[in-house]
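First up is the structure itself, then whatever we jot down about it.
The numbers here are math on the coordinates, done by the rules we state, and not lab data. What you are looking at is a predicted structure, and each value in this text was computed from that prediction instead of being measured. Quick reminder, even Gly has a Cβ in these numbers, built from the backbone with ideal geometry, and neighbours come from all protein chains shown.
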Amino acid sequence: MIEVSHIHYSVGTKKLVDDISFDVQPGELLAVIGANGAGKSTLLKLLCKELQTSSGEIHIRRQPIGTYKLDQLARFRSVLAQQNTISISFKVQELVMMGRYPHFDNTPTENDKEIVKAVMTETGITEFANRDYNTLSGGEQQRVQLARVIAQIYDQPEGILFLDEPTNGLDLLYQQQILSLARSLADRGYCVVSILHDINFASRFADKVLILKKGRRVGFGSPKQVISCENIHDAFNIRVRLLDDEEFKCPLVIPSMVLTEQS
Amino acid sequence: MKNYGFILVVLTLILIAASALSVCVGAVEISASELWSIMLYRTGLSGDIQFSPQQEAVLINIRLPRVLLGALVGGTLAIAGAVMQGLFRNPLAEPGLIGISSGASLFAVMMIVLENRIFNHVLTALFGYYALSVAAFVGACITTFIVYRLAVGKGKADITTLLLAGIAINALAGSFTGMLTFISTDQELRDITFWNLGSLGGASWKTVTGILPFTLISLCTLPFFSKALNALALGESQAGHMGIQVNLLKKLVIVLATLGVGASVAVSGMISFVGLVTPHILRMAFSADHRLVIPGSALLGASVLVLADLIARTIVAPAELPIGILTALIGTPVFIYIIMAERKRRVVN
């Protein structure tokens, strides 16, 4: 679905993305983790065609990304950005309908309206369908934006969803909800790529994890393969311990400082 | 969407009513039945003459072109205001703030003052009656382009820089206009004053046909950018992710808005506040959706200017108040109300 091979991107002499390769298949959720400034957002921009790679290839659905026009991409690939302030106030319903813009000319079809309704139910925002977006709380706004990007690819088999730190600034409940939703989308056959800050969330929800450090790839593989004390120390420069209990299907990371304090 | 259609129909009816009122009221009174009779007679539907020849002449040669000019100019200014606010993602943007009007004025004034001194009527010979419009249009484009270039960094137009650049370029254009005022003759000075206050007094069939192509292009093409401008409200990269070519959108909208506003300013001078306030009235009353606000602004702006012109030419009759005075007089309180309401909204959230 998405094949990335040896891509580079540099600004001046600074290499922001340095020889990164990975692939994501339909039905998979890829988590991209790494410290601040590791090149996660730049990588996402390259995948969105917002930036052009200096060298290397990105293939989407077996075609080079350069062969797609923006509106072609928009029909099967949607992106949830980190910053979502809107300059003009819209009703929640209108905002979610914007997700359908790439699919209709002037008037939404019945299909578009049904999709908007279904997505709003799924994301639990039906109750504020008629509220003004700017009057919602941060968590509610994030869910509305998520509903918009899901609506954009809802009826596309094997759609692609990019999420840039979707849990940023949200409380624990919303973080869980949003990642569960991302997980269920992947289970439905979408290809989901998400930048995450929380390693444990990445470990729990993702099929594959890509660890970045200073634009380079530290590790790529299943959470069990790549989330190790060495990799985490390499990427984040902190010492951690792994709880690999049978109870957990996935490794759980705990900063070792906390552990020493407890013991 | 069904709702929007209804609102637009109502706005169209308001415009028709305002126009009908405006063609009837003035020094020569025309009653509704006389208007109807003239219309039937002129369209050949009825041979019945229930009006005086003087009424017919006033209607056809004076009132009708004036109302048409008002509607075209008002509609264009308001639609340009609506797309500018959408494009720059800022509720306070309007053609005047980013230099379209002052640039058009400056070049129009240059045309008035310098044409016979430096260019020796070459331009008038070349462009004929369109020379002023062409000059104003070129001026509008150049200033807008400069303001836009100043504000663009890494492909993004920074709003604060944009407004500051607009203020700076407006001031610069103003000082050049001042210099031209200094060297102008008395007759030219009158013409320059006319630009700065705005008036539809120059209305004739010639001016109407002069600006018709320019304004029609703006009025007919800009509504097609409604969806893209809605997407742009989410952010520039977000719009890109939805398949919008943001840089192309910016260029097209600026060119198309500048085209109409440049031509409007060329024949009517600086008419303030119509472009700024009209879109806000629609947003506050109904919805911020550009699919309503853009065509709605054209219709409402046209009505507002037709009515403002009606007041301007009747309130101190037989003299005539420059319409720019009137629109600013009514526009300013509305504008202040918007600022206050906006601030209140921010505090609440």
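GNM remark for chain B: springs join alpha carbons under 10 Å apart, and the peak mean-square fluctuation among B:Ala317, B:Ala104, B:Ala71 falls on B:Ala317.
The listed peptides B:185-193, B:197-205, B:160-168, ordered by packing as a protection proxy, come out as B:197-205, B:160-168, B:185-193 (highest mean of other Cβ atoms within 10 Å first).
Here segment B:58-89 and segment B:96-119 have alpha carbon centers that stand 21 Å from each other. Divide the volume of the convex hull around the Cα atoms of segment B:2-348 by the residue count and you get 161 Å³ per residue. A simple rule links phi to the HN-Hα coupling: the Karplus curve 6.51 cos²θ - 1.76 cosθ + 1.60 with θ = phi - 60°, which for segment B:80-95 gives 5, x, 4, 6, 5, 4, x, 5, 8, 6, 9, x, 9, 6, 7, x Hz, with x for Gly and Pro.
Put +1 on the Cβ of every Lys and Arg and -1 on every Asp and Glu Cβ in segment B:2-348; which of B:Ile16, B:Gln238, B:Pro318 then has its Cα farthest towards the positive end of the dipole? Going by the charge dipole, the pick is B:Gln238. Who wins for biggest fluctuation among B:Val293, B:Val147, B:Val255 in a Gaussian network model of chain B, springs between alpha carbons below 10 Å? In the Gaussian network model the winner is B:Val255. Which number comes out as Rg/Rh for the protein assembly as shown once both Rg and the Kirkwood Rh are worked out on C-alpha atoms? When Rh is taken as the Kirkwood radius, the ratio is 1.09. What number of lysine-lysine pairs in segment B:2-348 show an alpha-carbon separation below 21 angstrom, given a sequence spacing of 8 or more or placement on distinct chains? Pairs that pass both the separation and distance tests number 8. Sort chain A into rounded, prolate or oblate with this rule: let a ≥ b ≥ c be the square roots of the eigenvalues of the Cα gyration tensor; rounded if a/c is under 1.5, and if a/c is not under 1.5, prolate when a/b is larger than b/c, oblate otherwise. Judged from the Cα gyration tensor, chain A comes out oblate (a/c at least 1.5, b/c at or above a/b). Residues A:Ser55, A:Ser21, arranged from fewest to most other Cβ atoms within 10 angstrom of their Cβ, appear as A:Ser55, A:Ser21. The magnitude of the dipole of the protein assembly as shown, with charges of +1 and -1 set on the Cβ of Lys/Arg and Asp/Glu and taken from the Cα centre, is near 660 debye. Using the rule -39500 (n - 2.57) for each DSSP H run of four or more residues, divided by the residues of chain A, the 222 nm mean residue ellipticity is -10000 deg cm²/dmol. Net charge dipole, chain B: roughly 1200 debye, given to the nearest 20, about the Cα centre with Cβ charges of +1 for Lys and Arg and -1 for Asp and Glu. Taking every residue in A:100-109 and counting other chain Cβ atoms within 10 Å of its Cβ, the average works out to 3. Along the axis of the charge dipole computed for chain B (Cβ charges of +1 for Lys and Arg, -1 for Asp and Glu, origin at the Cα centre), the listed residues B:Phe88, B:Trp36, B:Ile281 are led at the positive end by B:Phe88.
For chain B, the residue among B:Ala71, B:Gly198, B:Leu256 whose Cα projects farthest onto the positive side of the dipole built from Cβ charges is B:Leu256.
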